[in-house]
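Since every read-out is calculated from the coordinates, none of them should be taken as a lab result. It should be emphasised that the depicted structure is a prediction, and the values quoted were computed from it without experimental measurement. As a convention, Cβ positions derive from the backbone with ideal geometry for all residues, glycine included, and neighbour counts pool all protein chains shown.
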Amino acid sequence: MSTLRAAVNISTSIVKSLVKVAGFGFVADAIEGGQELYQLACSLKDETFGSAEAQMSGALRSTIKNEFEIIEDGLVVSGLDLKSIDLFIGSLETAANETIRKLLDDEDALCEAITKPETFHAYVLEKSKQVRVNFKPEEEHYLDNLLRCIADEYLVLAPNSPRYNMAALKAALEQLYEIIIEVRNIKSIIASTAEAHSKQHEQLHNDIESLRTAHIDTSTKSCPKKLNNNVWGSRPRPLRHWIERYPEIDGQTLQDRILNPSTINFPSFNVLIGHAGSGKTRLAAAIADRCESDGWSLVAWINASSYNTITNDMIAFGESVLNVMTGLFEDRTVRVNQVLSVLRTRSYTNCIFIFDNIQNIDDLSSLLPSGPGIHILATTRNRNGWRHQDNWNEYIIEDFTRNDSIKLLQDITKDANREAANNIANYLGDLPLAIAQAGTTCAHYYQNLEDYFNDIQLHNVDRLLEAIEGTEYSTGTITALHFAVTTTLDRLSDVTIQIEAKKILTILCFLAESGIPSKWLKFSNFHSRKAYSLLFDFSIISESADGEVAFIHRLQALALRTHLTPNERAIAELTCVNFLIQHYKDSSGADTITTHRDRAIAITSQLSAMSQQPHSHSLFRHDELQSALFELLAFAYDRHTAHHTITLTHALGIIQNLLGIDNLTVLCARNNLAEAYYDNGYIIEAIRLYSETLDHCIQTLGANHIETRNTRSNLADAYFQAGHHERIIELYEDALNNDLKSLGSTHIETLTTQQHLADAHSRSDLIDNALNHYRILADNLTQALGPDDVDTLNARCRLAFTYHSAGYIDDAIRHFSTLLRDCQIALGLNHFLTHEVINNLAHTYKVAGRNNEIITLLTEALDASAQTNGPTHYFTLELQNDLANAYLDMSDIDSAISEFEDILRKRHSNNDDTQHARYNLAEAHLRAKHYDTAIHHFQVIVDELQHSSGITSMRTQRARRNLASAYHEAGNFKEALRHLRKLYNDCTDSLGPDHLDTLENYQHLANLVLDIGYFELAIQYFDNLYRDYRRIYGSKHINTLSSRFALANAYLESNRTGECINHLKELLETCVITLGSEHALTVTVREHLETAKEESGQEKETPAE
């Protein structure tokens, strides 16, 4: 029998069923064959049976004919002869017509199609039970496919039936009646519980108000602050003995210009010019001390030794004092301008910014704060350019007068010998730094000034007579600085303390110029603490006002470095390197992960600062320091430190220049650095680094080297995140062509590349290409490794899964079924791949609507495992868990709960498996709306984890959030809020407010407040979260971008579409630049922006390429 005639006959049956259901049985009985149907459909024009039925028949005939042709092709491929095929087609037609006749006799069929179209396939299959016995099991799927086709067409054509409106009305009335009954029940429930709900709502309102109050109390850490007696920066502590000086212009001193009540409220720009050692910094620090004691709104001390240090300090000031968050990879000037812009809007009375040690006036260009009550004080050695600047008051600070020098020497030493003091002052050129240093040295080690003067003249410093920092200093000046150090060291009777003191001075001379943590120097052991104390007491080194940072005067450090012979410098560098390495090792062996991270971040900060100091670059030549930096880069995957790792970019550049970019270790480090960019969400920058590194790897190591392959794989991941699927395909096509030429088609690396290429096609929805590559891969693996090798079987699994993803469900079932049999034979029931294939086959059955076969499949596997491994074996329980989940998916919740309870009984100890089983049981009860039981199980998990792992471990946090979610789903918002708020507070106390876990729990709390409907409070929470992420990670970090999207969504939920659109527009621009136009977040933001515009009535915009 031809497939066309079979299609015509079946289409006739379907139309007859629809016509007869419509009440025109006499017309339906007159339709006997395809030709008669065609003629009748073309001729009848009346309203009862006309063109609609003719169109139905034509559409059916075409669709069913196509299905028969597919079946016929499959039978030909299977090897059946034409006669057998014709007989089988006839039997299919008979079975299909019999099923349709049952539909014809069923008055409810049309209503079923109207009211429950999603289950109509199953309804039709149910009608075919009697005819299915005539088919072999391997033939049933042909019948099923044909019946599904018929059901689909029935659904499409049903609305054209004359009876459709009447059936739809009948169904609607029946459902309306059910709704009325349900509404009455609901009203009854509401009436009986109105008072209880009112009390619960009042309590919830009180809880939200307490949250709002807590928010107001704590949000100052995230919102811009009103300035009030803020002090920022590391300025030197005041000296015990010093001569205050008052440089002036036109009779007005610098102090009077800044501190006088008549001028204090008027902004001023002041520069203090003097050579190194003249006391500029001391004078500026004294003014800062006075401002602080007078209660000024802000006293900020900025390290201005370079453009980078100015911008770094201004950005850090904005983040810590003003809570202005700027992005790591935005232009530095733009970031500072963001800080300055916020500063101009703050309410304040008196503020002073001190820019210490400016090298070039151009470094201050566009970086200066301005506004009412803001005073600027800059210190510099460079006189050039200031006279040409508007509104700058140029104060000159000279060396001490001779009387000042004598007075300070006498005050420090308590020696009244004016002549000796005069001789010393003359010998030192009245340089304030040298005078103070000489007085301190004399007071500690000499009986009087005269003895000191005699000794200092004998000190040989010929090699220090050259100009330092562009200024000619007297022999005595250089001598005094060097003599102070050598005298202090020579007079230390304890050799160990002397060694520690030399070590401290060396470290301060070469490491970060802005200083290093003082605890690193004085808390190592008794001798280091004693040495540190002596150096500080003798004014050789200084501390910041808060005692946290230790540093040495720049001129002193330069003098000491210049004095070193090549051999001494080499030893000094090695000392510094060993010091850093020791602290790095201490961080590696820290007692807690948090301590390790904090120390690693501190080491990273030192290396980053050193990379900006030319005199420190030589330290990067040492293998140990290079290794430490490489290891820090290798830890880029740590989500808590990855954004700090990026600051090592310049340091890696120095090492790259030393070793060459083609060095294997450098290439690995560049790969790790790119990973840090990737993990921070800077996808475009990561792609650039990966691409450059891959090119160098290919040139240097060859296309087949492991590092080349790793870099290629990382680049492909970055491309995937950016949505550049076509580039991934190009990348692996080139690699595969190279592998085929150099390694052959069956080499393991070639096969791996081929798998990557197939995966790339699959991700790009190029299914036919993917299927072709997976087939070739499976064949090559079979040839290379054999049909039973796990890699071969895994490739076949990918092939079957691709059929599933493409919607070729029957092909997927066929492949998975065959594969399951082969896995069980080759690998055994307990192998992970066997388990994966079972799950994939079950999932494919689910998509096909073959639920009974899911249960059969899993039950048979479970019974086999129980018999082979025992009922409590891990694999047996995993299969039982799969079965329970299958029941859950089929909404057979009672069976699922029964299985989960049985699993829990078999898990004997309180281990991970027990908690996992309890979690599944709790979720099942939650789905069944057994809220009390579900909450009980979630609470048990929390109690066990808090006891075993602590209250803020990752697993405990997750369990506590699950418990809160259960309360939320149960409608107990009060308890849900209480648990999430407690979790957030616990994380804040134990991990800190800026810890990533703390921020994530804060977001969960914000989400809950939004879900409850307190939109304004939720917006405040999301805004805080966004500000915190910007402050900590920068504006372009993936966490920051995601938090801003959450904020925009909160605005949308509260119907504030204008603010939502503004955030989404800016966010979209940043996402495109940072992540790429096809990144998942970019696409999501773009879609939400269009939705928000539609809701607000704005026109859509065509996105820029």
Packing rank of 257-266, 525-534, 914-923, where each peptide gets the mean count of other beta carbons within 10 Å, highest leading
914-923, 525-534, 257-266
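Calculate, in nm to one decimal, what LYS585 and ARG688 gain on full extension: separation in residues at 0.36 nm each, minus their alpha carbon distance. Please report the intermediate quantities before stating the final value.
Details: separation 103, 0.36 × 103 = 37.08 nm, distance 3.23 nm.
Using 0.36 nm per residue and subtracting the Cα-Cα distance, I get 33.8 nm.
Would you mind putting 783-789, 756-762 in packing order, based on average other-beta-carbon counts within 10 Å, highest first? Spell out each step's value before the answer.
On the way: 783-789: 14.0, 756-762: 22.4.
Ranking, from highest mean packing down: 756-762, 783-789.
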For segment 845-942, what size does the Cα cloud have along each of its three principal axes, sorted from largest down, in whole Å?
36, 30, 16
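With +1 on each Lys and Arg Cβ and -1 on each Asp and Glu Cβ, and nothing else charged, work out how big the dipole of segment 948-1073 is about its Cα centre, in Debye to the nearest 20. Provide the component values of the computation, followed by the final result.
Numbers: 15 positive and 15 negative charges, 43 e Å.
Result for segment 948-1073 is approximately 200 debye, rounded to the nearest 20.
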Residue span SER990 to THR562: 0.36 nm per residue of separation minus Cα-Cα distance leaves a gain in nm of 149.4 nm
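Tell me the net charge near GLU568. Cut-off is 11 Å between Cβ atoms, GLU568 excluded, with +1 for each Lys or Arg and -1 for each Asp or Glu.
Numbers: positive: LYS502, ARG561, ARG569; negative: GLU573.
With Lys, Arg at +1 and Asp, Glu at -1, the neighbours total +2.
Calculate the dipole size of segment 230-396 relative to its Cα centre from +1 charges on Lys and Arg beta carbons and -1 charges on Asp and Glu beta carbons; express the result in debye to the nearest 20.
On the way: 15 positive and 16 negative charges, 61 e Å.
For this selection, approximately 300 debye.
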Quick note on ASP356, ASP863, ordering by fewest other C-beta atoms within 10 Å, gives ASP863, ASP356
For every other residue with a beta carbon closer than 10 angstrom to the beta carbon of GLU394, add +1 if it is Lys or Arg and -1 if Asp or Glu, then tell me the sum.
+2
Which of MET954, MET890, MET610 comes first, and how do the rest follow, when ranked by fewest Cβ neighbours within 10 Å?
MET954, MET890, MET610
Those residues of segment 840-855 whose amide nitrogen sits under 16 Å from the label point placed on SER805, 7 Å along Cα→Cβ:
840-841, 844
In Å, the C-alpha Rg and Dmax of segment 230-396 are 15.1, 47
Can you pull the one-decimal nm distance between simple spin-label points at ASN738 and ASN426, each 7 Å off the Cα toward Cβ?
7.7
Can you compute the FRET efficiency between GLU419 and LEU368 using 1/(1 + (r/R0)^6), with r the Cβ-Cβ distance and R0 = 45 Å? Round to the nearest 0.05.
0.40
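Evaluated at 10 °C with a viscosity of 1.306 mPa s, what Stokes-Einstein diffusion coefficient in µm²/s does segment 372-415 have when Rh comes from the Kirkwood expression over alpha-carbon pairs? All intermediate terms of the calculation are to be shown ahead of the outcome.
Numbers: Rh = 13.8 Å.
The estimated diffusion coefficient comes to 115 µm²/s.
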Modelled label reach - MET890, point 7 Å along Cα→Cβ, segment 853-878 residues with backbone N closer than 13 Å
853-860
What is the set of long-range amide H partners of VAL231 at a cut-off below 5 Å, with H atoms built 1.01 Å from backbone N?
VAL299
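Please compute the net charge surrounding ASP943, taking Lys and Arg as +1 and Asp and Glu as -1 over other residues with Cβ under 12 Å from its Cβ. Intermediate results must be reported in sequence, preceding the final value.
Numbers: positive: ARG918, ARG960; negative: GLU944.
Residues near ASP943 contribute +1 overall.
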Note down the nm distance, to one decimal, between modelled labels 7 Å out along Cα→Cβ at GLU624 and at ARG240.
3.6
Suppose R0 equals 30 Å; then what is the FRET efficiency for LYS982 and ASP902 from their Cβ-Cβ distance, rounded to the nearest 0.05?
0.30
Likely footprinting exposure, LEU740, LEU1005, LEU82, fewest C-beta neighbours within 10 Å first
LEU82, LEU740, LEU1005
Please state the relative contact order of segment 254-385 as a whole percent: Cα pairs under 8 Å, 6+ residues apart?
38
In segment 799-832, which residues have a backbone nitrogen under 14 Å from the label point lying 7 Å from GLN867's Cα in the Cα-to-Cβ direction?
829
